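Everything on this sheet refers to the single structure shown next.
The values are calculated or read from the model by the stated rules, or taken from the named source; none is laboratory data. Bear in mind the structure is a predicted one, so any value in this text is a computation, not a measurement. Cβ: placed from backbone, ideal geometry, glycine included. Neighbour counts: every protein chain shown.
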């Protein structure tokens, strides 16, 4: 079985990341992802991790560090995690989350939150299996 290496995303990963975003059910253009990867790579508090499986992109995770006003420390937020349907149940998700956790703790995060749609039961089971718990409620308002 090939080894999976977790590394920082490069702009050259845009097509693979775009395809993985598509597997999540979102439609975005490759140029949008390319621009976003460029933007995020320029900020120390943002990181996109890539799971590279023998030269093939098996998944990605986007992570953001946010300062908290009401407690000492930062909040880490996983805003997207996708593993290719070809590589699910191979430990890629765990490796990506472990890399995000290491980055979070090194950057003063006191907790990490993951946003996940209510319809993603398999993702919720995965998060619980790796030690996350459902704790809060999110309220959203979209721009008119």
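Of note:
- Which numbered condition residue 48 misses (of (1) surrounded by 14 or more Cβ atoms within 10 Å (Cβ to Cβ); (2) at pLDDT below 95; (3) touching a helix residue (DSSP H, G or I) at 6+ places or on another chain (Cβ under 7 Å); (4) farther than 20 Å from residue 136 by Cα): (2)
- Picking from residues in region 1-22 that are in contact with a strand residue (DSSP E or B) (Cβ under 6 Å, 6 or more places away or on another chain) and surrounded by fewer than 18 Cβ atoms within 10 Å (Cβ to Cβ), the one that is nearest to residue 76 (Cα to Cα) is 7.
- Flag for residue 63 being within 22 Å of residue 6 (Cβ to Cβ), part of a strand (DSSP E or B), touching a strand residue (DSSP E or B) at 6+ places or on another chain (Cβ under 8 Å) and in contact (Cβ under 8 Å) with a residue 12 or more places away in the chain: yes
- Test: residue in region 112-124 that is over 11 Å from residue 81 (Cβ atoms), part of a helix (DSSP H, G or I), within 16 Å of the chain's Cα centre (by Cα) and in contact (Cβ under 8 Å) with a residue 40 or more places away in the chain: no
- Test set (1) surrounded by 13 or more Cβ atoms within 10 Å (Cβ to Cβ); (2) over 26 Å from residue 124 (Cβ atoms); (3) in contact with a helix residue (DSSP H, G or I) (Cβ under 8 Å, 6 or more places away or on another chain); (4) modelled with pLDDT of 95 or more - residue 41 fails condition number: (4)
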